[in-house]
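Enquirer: Quick one: this structure, given as structure tokens, is what I'll be asking you about.
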Amino acid sequence: MVDLEKMRTIAKETVSRDDVRYLIGWRQGTYGFRVSPHFMKGPEEAEKLIFSPLCSNNLATYLTLTEKLPVPRGEQPDSRKIAVMVKGCDSRAVVQQLIEKGIERERVFVIGCPCEGVLDLKKVEEKFPGILSPVEVEWSGDKIIFTLPDGVKEVPKGEVLAKKCLSCRYPNPVMSDITLWDEVKSLGDGNYEDVKEMEEKNPQEKWSFWKDKFSSCIRCYSCRNVCPMCYCEDCVLDRLNPQWINRSANISENSAFQLARAFHLAGRCIECGECERVCPVDIPLMALNRKLAKEVREQYEFEPGLDPESKPFQSSYRPNDKEDFIL
Amino acid sequence: MDSMKLSKDKLNSFVAILAEQKQLYMPQAEGETLKYSPVNAKVQPDLVFSNTAVPAKSVVFPQVETLFRYEVEKTDIKMPAGEEERVLLGVRPCDARAMSIVDNLFSWDVDDPYYLGKREKTIVVGLACQKPGVNCFCSSVGGGPASTEGLDVLLTDLGESFLVKPLTEKGEKLCQAAGEIFEEASSDDLNSAEKLHQEAAALISRSIETGGIPEKLPGLWESGIWKEVSNACLGCGICTFLCPTCHCFDIQDEIEGFEGRRCRMWDSCMFGEYTLHTSGHNPRPTRRERTRNRINHKYNYFVQKFDVIACVGCGRCISSCPVNIDIIEILQQVKEAQ
Amino acid sequence: MCDNANPYVPYMATIEDTWYETLGDRCVKTFKVTLDDAAARDCWSHKPGQCAMVGLLGVGESMFCISCSPTEGDFLRFSIMRAGKNTQALHEQEIGDKITVRGPYGNNFPMDDWKGKHIITIGGGIGQAPLRPIVEYVKANLDQYAGLTMIYGARTSGDLCFKGEFEDMSKRDDLSCHMTIDLEEEGWNYNVGFVPTMLMDVNPSPENAIAITCGPPIMIRFVLENLKKLNFADEQIYTTLENRMKCGFGKCGRCNVGSLYVCKDGPVFSYATLKDVPEAFA
């Protein structure tokens with residue numbers, strides 16, 4: 001059971017530690033169902049913390065998104081920890097960042113929040129349109145309870161939960177320094193039914209599906225920027241010399257961009273679904289990521305973001321690795 | 001020219017007439033995204049929508065635009081074909097007002113032939129907004145759900161029909177060309193349109209008193225609010241690409257086989273490379289400086305140059321931001337900051 | 001550009017002559033070019049301080065200062081450091097090759113307003129390129145100015161641009177020319193030390209003088225400090241800025257410092273203007 005009191009107490013304690021720089025949690029957003037990442041510098045900001053089915057943001061992204069500015073002459077780099085609140089999927093991002101040495105273990109303090117699934121904002125805002133005042137939302141068994149301006153509404157989870165949560169096998173943080181409440185039961189069995197559906201289409205059907213989707217892409221790079229695994233300092237997409245991908249938004253360049261992005265995430269994507277959530281033109285990016293995740297799982301029995309001691313998928317070789325699919 | 005009335009069962013014919021005369025653009029779903037796309041006379045017009053995801057600027061300032069073409073290793077420059085006459089149908093007053101604001105920039109000192117070429121050949125037929133979105137705040141920045149700035153014709157949905165109000169010479173000509181299908185509008189029609197406009201204005205629930213903000217911003221240059229409001233920023237291009245007044249662009253050469261073209265494409269001040277020098281130095285090294293520039297550009301620099309806020313309150317940047325960075329909230333903080 | 005011309009369409013130009021100013025990874029190469037089109041040559045007119053977009057079809061364009069004065073003749077000069085994609089491609093061009101040029105862009109040094117005054121240029125490294133047109137302009141009209149003092153420095157003697165010209169100028173009695181390098185070098189017969197220190201040694205009087213500086217940001221910072229120590233008023237100090245640019249005429253958005261566009265309101269600014277512009281020295 002979510003215990004906000006405990007969450008805030010732990011947050012206060014954590015942020016007051018000398019070796020903690022700041023804490024990243026979630027807070028109520030500025031309107032309706034929105035939630036915003038909350039950057040806490042001092043204990044007095046703990047009251048704003050929330051945890052609810054609206055907390056979709058994968059805050060592990062901010063561990064690698066922080067800009068590294070040159071340290072002024074005569075000053076020491078700030079080596080204090082960043083404390084971050086994570087759901088199950090988010091914790092896998094932290095683990096994967098550790099595996100890849102994108103972050104250092106002693107620089108993070110992980111606060112685990114077992115999660116019963118977050119909402120698909122598009123579904124929710126369609127169901128309850130035009131709501132301006134901030135709404136409180138809670139889990140209650142197989143229902144979600146909305147405290148709306150005109151009363152309390154109960155909605156079955158299946159109607160409003162994000163798709164990624166319906167098949168989630170890791171609702172509990174796979175690693176943390178402290179876990180805030182009891183573990184919850186997993187919601188799904190991690191099947192790849194959706195991927196199988198896509199696999200059954202013939203190449204023409206697949207291309208016509210993706211052509212339509214990729215044509216909409218406006219190249220805002222929100223999918224890349226929100227991704228906790230997309231943290232290359234010199235991204236291939238930004239490079240001008242050599243320029244791998246033109247900046248023009250057209251079907252050829254958009255496809256190159258989206259496919260490069262997906263392949264760079266093969267065996268690394270921890271399926272938090274953030275790319276798909278943030279896409280302003282509704283490209284079903286998780287369909288690509290999940291296809292590759294399925295391949296990696298089936299071909300190599302590998303799942304990213306589970307064991308910080310494991311080796312990155314791309315740089316590990318086993319003599320019995322399958323190779324019959326290699327052309 | 002007086003206002004007229006267009007019965008809804010004649011909307012199809014009206015659209016067909018427009019599409020025969022000029023290239024018609026209407027909001028169309030591309031995938032699940034509403035944007036302005038070229039349509040033909042057979043289109044089934046659907047003018048019931050809150051607002052398009054991609055603003056109408058994309059018609060006069062497309063995301064990618066060819067400036068000229070050339071053959072690789074040759075020196076002849078081939079100019080693109082001249083602009084076609086076009087009609088934009090169903091534009092929200094906020095998007096139309098945005099175009100008239102951006103006109104200032106593209107005609108400042110040196111005329112931009114591509115943008116102005118399209119603008120001159122475009123007739124904008126707007127649809128008064130009746131269902132403002134939760135984040136609409138047009139009335140706070142000088143607009144309104146039935147604002148006519150930037151429009152040539154304003155339609156108001158009266159239920160069974162549209163009130164058609166030509167606003168400019170271009171608009172009058174367009175309406176004259178489609179003359180026979182209109183009916184005369186009664187004073188009752190005019191009154192009910194006026195009433196609908198007022199009702200829509202009353203539905204706008206978000207607001208910010210913008211007076212004083214342009215004058216206050218320079219003093220807040222080093223204020224802590226910029227770090228505060230940009231902490232969660234992902235540095236993506238959503239807020240700027242989907243903004244109807246954002247007009248910054250990049251210029252790139254692109255080559256396919258022996259065909260080369262120099263083109264311009266939307267760029268975003270929220271991207272790091274936007275200001276990155278070749279030396280590696282970046283005058284705006286973090287999202288803090290970039291956010292500060294975005295707000296200052298809209299609410300300070302543009303006001304200094306053109307005496308108008310470069311924001312029409314369409315709310316897209318708020319609704320589409322993945323991390324709930326909310327420009328109204330930022331402006332509120334600007335007002336409250338010491 | 002010619003009136004009515006599409007401002008995005010460049011003129012074709014031919015490289016008449018080209019030579020290296022400095023060597024190494026980030027070498028500087030000077031290009032002397034002439035516009036191909038006679039009509040374009042007729043309507044082209046630039047003033048010291050202005051810039052132009054120089055590029056290659058199929059590669060791209062970048063903004064460079066025009067490093068010659070109109071008093072030198074009917075041609076253009078650009079001194080370009082090899083750094084990124086465009087400049088690498090430009091460096092591969094030789095005499096007779098075609099490049100694209102559009103402009104001239106931006107404001108200029110107010111050479112007319114400065115008539116009767118003592119002109120002091122303080123440059124560092126490639127930062128001398130935008131100052132060179134001032135030097136050439138004043139040299140060509142020396143009777144109209146109270147004098148010309150040049151202070152120019154670089155890390156090593158090999159990093160000095162326009163070295164031959166400076167050597168010639170330092171032999172003249174009617175000019176005050178001071179070259180300096182950061183560290184001692186064998187065979188170096190001029191000054192040793194940083195440009196800001198050199199400025200204090202030269203100790204120019206602010207009386208009826210104008211000081212123009214351009215160079216690396218750190219040098220500019222100390223030069224400004226020292227000019228203040230020498231009692232130069234803000235209005236007597238000028239510099240020229242650069243930022244990433246794409247269009248050159250105030251549309252593409254990125255070159256702004258505060259509300260000023262470097263491409264239109266600049267690149268030449270007096271310190272009196274710049275000191276209140278928050279991003280100017282960012």
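The values are calculated or read from the model by the stated rules, or taken from the named source; none is laboratory data. All of these numbers come straight from a predicted model, not from anything done at the bench. Ideal geometry is used to build each Cβ from the backbone, glycine not excepted, and the neighbour counts take in all protein chains shown.
Enquirer: Could you please give the count of residues in region A:246-279 that are within 29 Å of A:V94 (Cβ to Cβ) and either within 14 Å of chain B (Cβ to nearest Cβ) or touching a His at 6+ places or on another chain (Cβ under 7 Å) (or both)?
Expert: Start the filter on region A:246-279 by keeping residues that are within 29 Å of A:V94 (Cβ to Cβ), which leaves A:257-279.
Checking the rest, the ones that are also either within 14 Å of chain B (Cβ to nearest Cβ) or touching a His at 6+ places or on another chain (Cβ under 7 Å) (or both) come to A:257-258, A:261, A:272-279.
Count: 11.
Enquirer: Now for a different question. Would region C:223-244 turn up any residue that is under 27 Å from C:N6 (Cβ atoms), buried (at least 23 other Cβ atoms within 10 Å of the Cβ) and facing another protein chain (nearest Cβ under 9 Å)?
Expert: There is no residue in region C:223-244 that is under 27 Å from C:N6 (Cβ atoms), buried (at least 23 other Cβ atoms within 10 Å of the Cβ) and facing another protein chain (nearest Cβ under 9 Å).
Enquirer: Take the residues of region C:94-106 that are crowded, with 17+ Cβ neighbours inside 10 Å and of a type outside the set (F, W, Y): which is nearest to B:R262 (Cα to Cα)?
Expert: Here the answer is C:T100.
Enquirer: Mind checking which residues of region C:53-97 are of a type in the set (S, T, N, Q) and in a loop (DSSP other than H, G, I, E, B)?
Expert: Answer for region C:53-97, where residues must be of a type in the set (S, T, N, Q) and in a loop (DSSP other than H, G, I, E, B): C:S67, C:S69, C:Q93.
Enquirer: Output yes when any residue across region C:28-51 is in contact with a Lys or Arg (Cβ under 6 Å, 6 or more places away or on another chain), touching a residue at least 40 places away in the same chain (Cβ under 8 Å), of a type in the set (F, W, Y) and under 23 Å from C:P267 (Cα atoms), and no when none is.
Expert: no
Enquirer: State whether one or more residues within region B:119-134 are in contact (Cβ under 8 Å) with a residue 40 or more places away in the chain and of a type in the set (D, E).
Expert: Scanning region B:119-134, I find no residue that is in contact (Cβ under 8 Å) with a residue 40 or more places away in the chain and of a type in the set (D, E), so the answer is no.
Enquirer: So which of A:V84, A:V95 ends up being at pLDDT 95 or above, of a type in the set (V, I, T) and touching a strand residue (DSSP E or B) at 6+ places or on another chain (Cβ under 9 Å)?
Expert: Numbers: A:V95 fails: touching a strand residue (DSSP E or B) at 6+ places or on another chain (Cβ under 9 Å).
None of the others qualify; the one that does is A:V84.
Enquirer: Which of the residues belonging to region B:82-106 are part of a loop (DSSP other than H, G, I, E, B) and touching a helix residue (DSSP H, G or I) at 6+ places or on another chain (Cβ under 7 Å)?
Expert: Listed by number, the list holds a single entry, B:E83.
Enquirer: Another question, if that's okay. List the helices (runs of 4 or more DSSP H) that sit entirely inside region B:258-338 and contain at least 2 residues that are over 21 Å from the mean Cα position of the chain (by Cα) and more than 12 Å from chain A (Cβ to nearest Cβ).
Expert: Per the criteria, B:327-336.
Enquirer: Among the residues of region C:68-98, how many are at the interface with chain B (Cβ under 10 Å from one of its Cβ atoms) and under 25 Å from C:C43 (Cα atoms)?
Expert: 1
Enquirer: Mind listing whichever residues of region B:215-239 are acidic (D, E) and either within 14 Å of chain A (Cβ to nearest Cβ) or touching a residue at least 24 places away in the same chain (Cβ under 8 Å) (or both)?
Expert: Listed by number, the list holds a single entry, B:E228.
Enquirer: For region A:140-160, give me each residue that is crowded, with 18+ Cβ neighbours inside 10 Å and either modelled with pLDDT of 95 or more or among the polar types (S, T, N, Q) (or both). First the steps, then the outcome.
Expert: So the first thing to find is which residues in region A:140-160 are crowded, with 18+ Cβ neighbours inside 10 Å, and the list is A:144, A:146, A:155, A:157, A:160.
Across region A:140-160, the qualifying residues are A:I144, A:F146, A:V155, A:V160.
Enquirer: Continuing with this model, one more query. Between B:S50, B:S37, which is surrounded by fewer than 20 Cβ atoms within 10 Å (Cβ to Cβ) and in contact (Cβ under 8 Å) with a residue 60 or more places away in the chain?
Expert: Exactly one residue qualifies, and that residue is B:S50.
Enquirer: Considering only residues that are among the hydrophobic types (A, V, I, L, M, F, W, C) and within 14 Å of chain C (Cβ to nearest Cβ), look in region B:240-257 and name the one that is nearest to C:Y8 (Cα to Cα).
Expert: Looking at residues that are among the hydrophobic types (A, V, I, L, M, F, W, C) and within 14 Å of chain C (Cβ to nearest Cβ), I get B:I251.
Enquirer: Check A:K68 against each of (1) in contact with a strand residue (DSSP E or B) (Cβ under 9 Å, 6 or more places away or on another chain); (2) within 13 Å of chain B (Cβ to nearest Cβ) and name the one condition it does not meet.
Expert: Status for A:K68: all satisfied but (1).
Enquirer: Would you pick out the residues in region C:20-39 that are more than 30 Å from C:T156 (Cα to Cα) and crowded, with 19+ Cβ neighbours inside 10 Å?
Expert: Across region C:20-39, the qualifying residue is only C:L35.
Enquirer: Residues of region C:227-282 being aromatic (F, W, Y) and more than 17 Å from C:N108 (Cα to Cα), which ones?
Expert: Within region C:227-282, C:F232, C:F281 meet the criteria.
Enquirer: Could you please let me know if B:F106 is touching a residue at least 40 places away in the same chain (Cβ under 8 Å), closer than 30 Å to C:L56 by Cα and either surrounded by fewer than 18 Cβ atoms within 10 Å (Cβ to Cβ) or in contact with a strand residue (DSSP E or B) (Cβ under 9 Å, 6 or more places away or on another chain) (or both)?
Expert: No.
Enquirer: Which of (1) within 14 Å of chain B (Cβ to nearest Cβ); (2) surrounded by 20 or more Cβ atoms within 10 Å (Cβ to Cβ); (3) touching a strand residue (DSSP E or B) at 6+ places or on another chain (Cβ under 8 Å); (4) under 30 Å from B:V134 (Cα atoms) does A:P53 not meet, given it meets every other one?
Expert: Only one criterion is unmet by A:P53, namely (1).
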